[in-house]
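Student: Before we start, here is the structure in question, set down as structure tokens.
The values are calculated or read from the model by the stated rules, or taken from the named source; none is laboratory data. Note that the coordinates shown come from a computational prediction; the quantities given were computed from them, not determined experimentally. We place every Cβ from the backbone using ideal geometry, glycine too, and count neighbours over all the protein chains shown.
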Amino acid sequence: MAELQALAHAVRSGATSALHVADQALERAAERRALNAFDQLDDALVRAQAAAIDERVSRGEDPGPLAGVPVALKANMVTPDLPTTCSSRILQGYEGFYDATVAARLRAAGAILFGKTAMDEFAMGSSGEHASGGPALHPTDPTRVPGGSSSGSASAVGAGIVPAALGSDTGGSIRLPAAFCGVVGFKPTYGRVSRRGLVAFASSFDQIGPLTRSLEDAALIYEVIAGRDPLDATTVSLPVTSALQALDGASPRGLRVGVDASLLGEGLQPEIRTSLERAAHQLGTSGAEIVPISLKMARYAVATYYVLTSAEASSNLSRFDGVHFGVRAAGAEGLEQVYTRSRTLGFGPEVRRRILLGTFVLSAGSYDAYYAHAQKVRTLFCREFEQVFQACDVVLLPTTPTTAFRLGNQVRDPLAMYLQDAYTIPASLAGLPALSMPLGVDEAGLPIGAQLLAAPFAETTLFRAAGALRSALAGAGGLP
Amino acid sequence: MSIDRDTVYHTARLARIDLELLPAAEAETLAAQMESIVAYVELLRELPTEGVEPTVHPIPLTLVPRDAAARETPGAAAVLASAPAHDGATFLVPRVVGQEDSDG
């Protein structure tokens, strides 16, 4: 269902006003305030944007493919009109002075930028619990986490407050919360979407992508935000091939789907395994070829990722020093204390942990054994996927080891939390495009996500496969 | 190689984080967590990487220089506006030079 296209069409044609759409979203946000999905939400700002869109429509202008569509941004995406806090105390009240490129592209397409969603601080977390403003909650069970780090984005879309949100994904931070909340979450190939204006966590991993209720909506948002940006030298000049078109008539016939059965065993919630196996079976009976593959590197994914991303984060977060941005801690005597008091008291425990780990693996005695070694291990991941994508078009995997867990369940044990990312990290290490889509629910009614990966820059193949999976499930009557 | 308590405290200082500003129990917990995380990543030792090139970026990148043409910039005022202490032209920090008992 192309909800965003229908909405934009209604606004452009005058069938409804952007202000009406905005007011309804604001009402829903107020009704669901207890979800704590938003770090920032300014009603007047939302209405002003909507009024401007209506004004353009009344003058006969076409505001664009997302005319009047409310899209929430994650709290690590800079805009000049709302604070960008990254859900961190150290950035309380921080006001940037430019639009992140993705924000500018959404505006140019006529979208209404709808607040900034709560997140794990500086995108470090898998549950949403490491947020200075308290965690966002799961949209259907408030005793559970929505997943992280794009927790508020997943919660807001899952609860129907907004039809779309942007998230950022470094090791799974779009895909995991999407799976937990029963929505679509898409991480493009590294280099497809500009990171300019995204507060950096790990610069060789971070990517921005959409969380939506349908594949079509994810494809549409992707097409609006993707493409070379001269202000981000890590974006590629490749043309953005249409993901929407790939969904049109997407068929499983002839699609080669790689499945590693060894990853569907230990540590995976049994209902998730059953759902994945059933999905693979349905793809097979619909004409896809299920190809057995072996992802031998998978067991090293979490360790490789945490060495590399913590190192990059320790460098990126060195700019938060109580001098240039955000908060300076009180009681500092001398410059050194400005740094140490601001950072120690301004960063939360998870961020401190990762900065420490990153600093350690980069320090003189440890660099070769940890960081340089992990960079080489990353190459082994890339090589393994190159081999795998010769034998298949996409890889089918779970998104998460469990469905949404209860608040407080994992947060006391950092390593247990890190292992939540075991299925999402491999695609991040190799820069692959990856998508999570709803596959049903478990016995407690909690959403289960299926994850699809494709070769670098093969977003067209990825969306075709997602569409094919959706139709195979529908054909079997198994889609909720 | 492991990470002992002294190393944790030393590493924190390198990162301009002062563990003594945290409640003692929290600093202890952090040190213990660091030890177990570092022990976990030792798993990577199983993998031989001689002759393997490091991956710095997952996709090949080429540097594309921009045109050598002047353009508008936001200006100092915009950049300073969100700084904790500034005088309109520069960031302000405690005096470092010329003080008898300055830190560091």
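Student: Within the bounds of the range B:62-82, is there any residue that is among the hydroxyl-bearing types (Ser, Thr, Tyr), exposed (fewer than 15 other Cβ atoms within 10 Å of the Cβ), more than 7 Å from chain A (Cβ to nearest Cβ) and farther than 30 Å from residue A:374 by Cβ?
Tutor: Within the range B:62-82, one or more residues are among the hydroxyl-bearing types (Ser, Thr, Tyr), exposed (fewer than 15 other Cβ atoms within 10 Å of the Cβ), more than 7 Å from chain A (Cβ to nearest Cβ) and farther than 30 Å from residue A:374 by Cβ.
Student: Might you check whether a residue that is assigned to a loop (DSSP other than H, G, I, E, B), free of Cβ contacts under 8 Å to residues at least 60 places away in the same chain and under 19 Å from residue B:5 (Cα atoms) occurs anywhere in the range A:351-363?
Tutor: Yes.
Student: Checking the structure you have, find out if any residue of the range B:17-36 is modelled with pLDDT of 95 or more and within 30 Å of residue A:190 (Cα to Cα).
Tutor: no
Student: Which residue, of B:27, B:89, is within 24 Å of residue A:320 (Cβ to Cβ), part of a helix (DSSP H, G or I) and more than 7 Å from chain A (Cβ to nearest Cβ)?
Tutor: Result of the check over B:27, B:89: B:27.
Student: Related question: Sort through A:165, A:72, A:111, A:103 and tell me the only one that's small (Gly, Ala, Ser), at pLDDT 95 or above and within 27 Å of residue B:76 (Cα to Cα).
Tutor: Checking each option against the conditions leaves just A:103.
Student: OK, next. Can you name the residue in the range A:372-419 that is within 14 Å of chain B (Cβ to nearest Cβ) and β-branched (Val, Ile, Thr) and is also farthest from residue A:287 (Cα to Cα) among such residues?
Tutor: Among those residues, the one meeting the criterion is A:411.
Student: Next question. Taking the residues in the range A:195-213 that are among the hydroxyl-bearing types (Ser, Thr, Tyr) and either part of a helix (DSSP H, G or I) or in contact with a Pro (Cβ under 9 Å, 6 or more places away or on another chain) (or both) as candidates, determine which candidate is surrounded by the fewest Cβ atoms within 10 Å (Cβ to Cβ).
Tutor: Ranking the qualifying residues of the range A:195-213, first place goes to A:204.
Student: Count, please, the residues in the range A:300-323 that happen to be of a type in the set (A, V, I, L, M, F, W, C), touching a Lys or Arg at 6+ places or on another chain (Cβ under 7 Å) and either over 21 Å from residue B:33 (Cα atoms) or without any contact (Cβ under 8 Å) to a residue 24 or more places away in the chain (or both).
Tutor: 1
Residue-wise test of (1) in contact (Cβ under 8 Å) with a residue 60 or more places away in the chain; (2) assigned to a loop (DSSP other than H, G, I, E, B); (3) farther than 17 Å from residue A:73 by Cα.
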position: A:134; (1), (2), (3): yes, yes, yes
position: A:141; (1), (2), (3): yes, yes, yes
position: A:161; (1), (2), (3): yes, yes, no
position: A:178; (1), (2), (3): yes, no, no
position: A:186; (1), (2), (3): yes, no, no
position: A:191; (1), (2), (3): yes, yes, yes
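Student: Which condition number in (1) facing chain A (nearest Cβ under 9 Å); (2) exposed (fewer than 15 other Cβ atoms within 10 Å of the Cβ); (3) of a type in the set (Ser, Thr, Tyr); (4) in a loop (DSSP other than H, G, I, E, B) is the one that residue B:55 fails?
Tutor: Every condition holds for residue B:55 apart from (2).
Student: Of the residues A:67, A:111, A:159, A:123, which single one is under 16 Å from the mean Cα position of the chain (by Cα) and buried (at least 21 other Cβ atoms within 10 Å of the Cβ)?
Tutor: After applying the criteria, what remains is A:123.
Student: How about the range A:32-119: which strands (runs of 3 or more DSSP E) wholly inside it have at least 2 residues that are touching a Phe, Trp or Tyr at 6+ places or on another chain (Cβ under 9 Å)?
Tutor: In the range A:32-119, A:70-74, A:112-117 are the strands (runs of 3 or more DSSP E) which contain 2 or more residues that are touching a Phe, Trp or Tyr at 6+ places or on another chain (Cβ under 9 Å).
Student: Shifting gears a bit: Is one or more of the residues making up the range A:229-248 within 23 Å of residue A:467 (Cα to Cα) and more than 23 Å from the chain's Cα centre (by Cα)?
Tutor: The first filter runs over the range A:229-248 and keeps only residues within 23 Å of residue A:467 (Cα to Cα), leaving A:239-248.
Those left that are additionally more than 23 Å from the chain's Cα centre (by Cα): A:248.
Within the range A:229-248 (the criterion being within 23 Å of residue A:467 (Cα to Cα) and more than 23 Å from the chain's Cα centre (by Cα)), the answer is yes, since at least one residue qualifies.
Student: Please determine whether any residue of the range A:299-318 is buried (at least 16 other Cβ atoms within 10 Å of the Cβ) and outside any helix (DSSP H, G or I).
Tutor: No - not one qualifying residue is present in the range A:299-318.
Student: Could you check, for the range A:307-330, whether at least one of its residues is over 26 Å from the mean Cα position of the chain (by Cα), among the β-branched types (Val, Ile, Thr) and at the interface with chain B (Cβ under 10 Å from one of its Cβ atoms)?
Tutor: Yes, there is a match, as at least one residue in the range A:307-330 is over 26 Å from the mean Cα position of the chain (by Cα), among the β-branched types (Val, Ile, Thr) and at the interface with chain B (Cβ under 10 Å from one of its Cβ atoms).
Student: When only residues in the range B:11-21 that are surrounded by 18 or more Cβ atoms within 10 Å (Cβ to Cβ) and at the interface with chain A (Cβ under 7 Å from one of its Cβ atoms) count, which is farthest from the chain's Cα centre (by Cα)?
Tutor: Step one: of the range B:11-21, the residues surrounded by 18 or more Cβ atoms within 10 Å (Cβ to Cβ) are B:11-12, B:15-19.
Next, only the ones that are at the interface with chain A (Cβ under 7 Å from one of its Cβ atoms) stay: B:11-12, B:15-18.
Details: B:11: 11, B:12: 10, B:15: 6, B:16: 8, B:17: 10, B:18: 13 Å.
Among them, the one singled out is B:18.
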